[in-house]
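The values are calculated or read from the model by the stated rules, or taken from the named source; none is laboratory data. Just so you know, these numbers come straight off a predicted model, no measurement behind them. Every residue, glycine among them, receives a Cβ derived from its backbone with ideal geometry; neighbour counts consider all protein chains shown.
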């Protein structure tokens, strides 16, 4: 089943002479349950693409469907959740109450009733015992874990992640990469993951969407042929290095 | 003990000033009607406690009422401004204009309109609180990060939910900064109101003591007024510490 379908998408910003075309004629599909990473040069419209899927950026031409719904209807139905680069937590709320936020706002729907337990989600992201901690008492990595737990609380069918580990140090990032794979495995959620890092895109992705810039177009939707389960040590294998090398060449060929 | 020690220099300086004042007045033989000695002022607190207390209560009432009304109106107006561009454009400039009129000039006008009772004093106290709170509250309500607003959009949160769950809380550090200013200025407002036309209150007592050369009474009244402002500030700061337990992003 198709989770996300983008066809002939063009996104423009500005008016008249100042029009900037961020994305041009982008088409691809993501199958249900897949983890697709997205890389591309800075300013190529990776974030814009993710934000268009999340109904945060306007569509100028073309079409986006999330499980057959328009982004707006999918947003109202809570089909997807978004994880930002910053954890974006409410500083006055405990970790647990931050995870609960999505259950307290937005149109009430029957589907909310089958939400995941916030306590269990904190356990899933490795924060059992820190339920009552306020955000400023948590490290950057822990804050991002809380924001992932919050994204999962309505059991979204799609998780859109916009450089979620971009602001973290490498050690924390490695750890969260591995945990994201575990969470993906346990929840079966479709994930679209934007990153600047080619190794991260390779390590996480089943497929990797490579974009070019000015304007952003799809260069390739590359199948990352690495066998599960994936371990960090895999990054030292010849196979891995060959894939990252290939992706780098795709990025450089402008 | 360490906190007490931290305050020791201030306490010592204060005591020294009072001591110097007492010495100066005695040594140079300054007449009481020009500058009373600290002992004479203390005597007023002992002998005229009933008069001071009777005039303190109206001022307390006016300052507290003005504080509540002025801040409440400012907060409600700020909430309206944040949700309506039109309201902000229509009323913000007028609020700025009203703020530029010196309070001492508005006071007689209000006394003429509202008479000699509590009303004009409360309105003056409210007016003096109003503007700093309005400005800070508008800033505070808007001090939500763009990313937080995007999160709420992804969650399809309504404007009301955004206000109740996010904006109000994130405005609290800004609000308390304004409330601390208002807690002292509301006392000034009440006293200024009593100056213009009143037979009671600390303001009236200041006028009466000045015209009758009762300098010790004047000083005692001033000290009482200042104490009221300090008490208001202290209470506001304590409430702030109880309410804001998190680390606000914007500390200022």
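What number of residues within segment B:34-67 are under 30 Å from residue B:23 (Cα atoms), free of Cβ contacts under 8 Å to residues at least 40 places away in the same chain and part of a helix (DSSP H, G or I)? Residues flagged as under 30 Å from residue B:23 (Cα atoms), free of Cβ contacts under 8 Å to residues at least 40 places away in the same chain and part of a helix (DSSP H, G or I) within segment B:34-67 amount to 8.
Working only within segment B:160-172, note down all residues that are under 24 Å from residue B:233 (Cβ atoms) and more than 10 Å from chain A (Cβ to nearest Cβ). I'd like the intermediate steps shown before the answer.
Here is the first cut: in segment B:160-172, the ones under 24 Å from residue B:233 (Cβ atoms) are B:168-172.
Within segment B:160-172, B:168, B:171 meet the criteria.
Among the residues of segment B:114-138, those that are without any contact (Cβ under 8 Å) to a residue 12 or more places away in the chain and assigned to a helix (DSSP H, G or I) comprise B:114, B:119. Checked against (1) in contact with a strand residue (DSSP E or B) (Cβ under 6 Å, 6 or more places away or on another chain); (2) at the interface with chain B (Cβ under 10 Å from one of its Cβ atoms); (3) surrounded by fewer than 19 Cβ atoms within 10 Å (Cβ to Cβ), residue A:54 passes all but a single condition, namely (3).
Residue-level check: of (1) more than 14 Å from chain B (Cβ to nearest Cβ); (2) modelled with pLDDT of 90 or more, residue A:164 misses just (1).
Cβ-Cβ distances below 9 Å connect the following pairs, each with a first residue in segment A:61-87 that is more than 11 Å from chain B (Cβ to nearest Cβ), a second residue that is assigned to a loop (DSSP other than H, G, I, E, B) and surrounded by fewer than 18 Cβ atoms within 10 Å (Cβ to Cβ), and a separation of six or more residues or different chains: A:63/A:70; A:64/A:70; A:67/A:1; A:67/A:32. Go through the residues of segment B:234-246 one by one and say whether even a single one is in a helix (DSSP H, G or I), touching a helix residue (DSSP H, G or I) at 6+ places or on another chain (Cβ under 6 Å) and more than 14 Å from chain A (Cβ to nearest Cβ). Yes, segment B:234-246 contains a residue that is in a helix (DSSP H, G or I), touching a helix residue (DSSP H, G or I) at 6+ places or on another chain (Cβ under 6 Å) and more than 14 Å from chain A (Cβ to nearest Cβ). With respect to the conditions (1) touching a helix residue (DSSP H, G or I) at 6+ places or on another chain (Cβ under 7 Å); (2) surrounded by 18 or more Cβ atoms within 10 Å (Cβ to Cβ); (3) in contact (Cβ under 8 Å) with a residue 60 or more places away in the chain, residue A:165 falls short on a single one, namely (3). Taking the criterion of being more than 20 Å from the chain's Cα centre (by Cα) and in contact (Cβ under 8 Å) with a residue 60 or more places away in the chain, the only residue of segment B:201-213 that qualifies is B:213.
Summed over segment B:68-113, the residues that are in a helix (DSSP H, G or I) and closer than 30 Å to residue B:161 by Cβ give a count of 25.
Among the candidates B:239, B:251, single out the residue that is at pLDDT 95 or above and surrounded by fewer than 19 Cβ atoms within 10 Å (Cβ to Cβ). Steps first, answer last, please.
Details: B:251 fails: at pLDDT 95 or above.
The unique qualifying residue is B:239.
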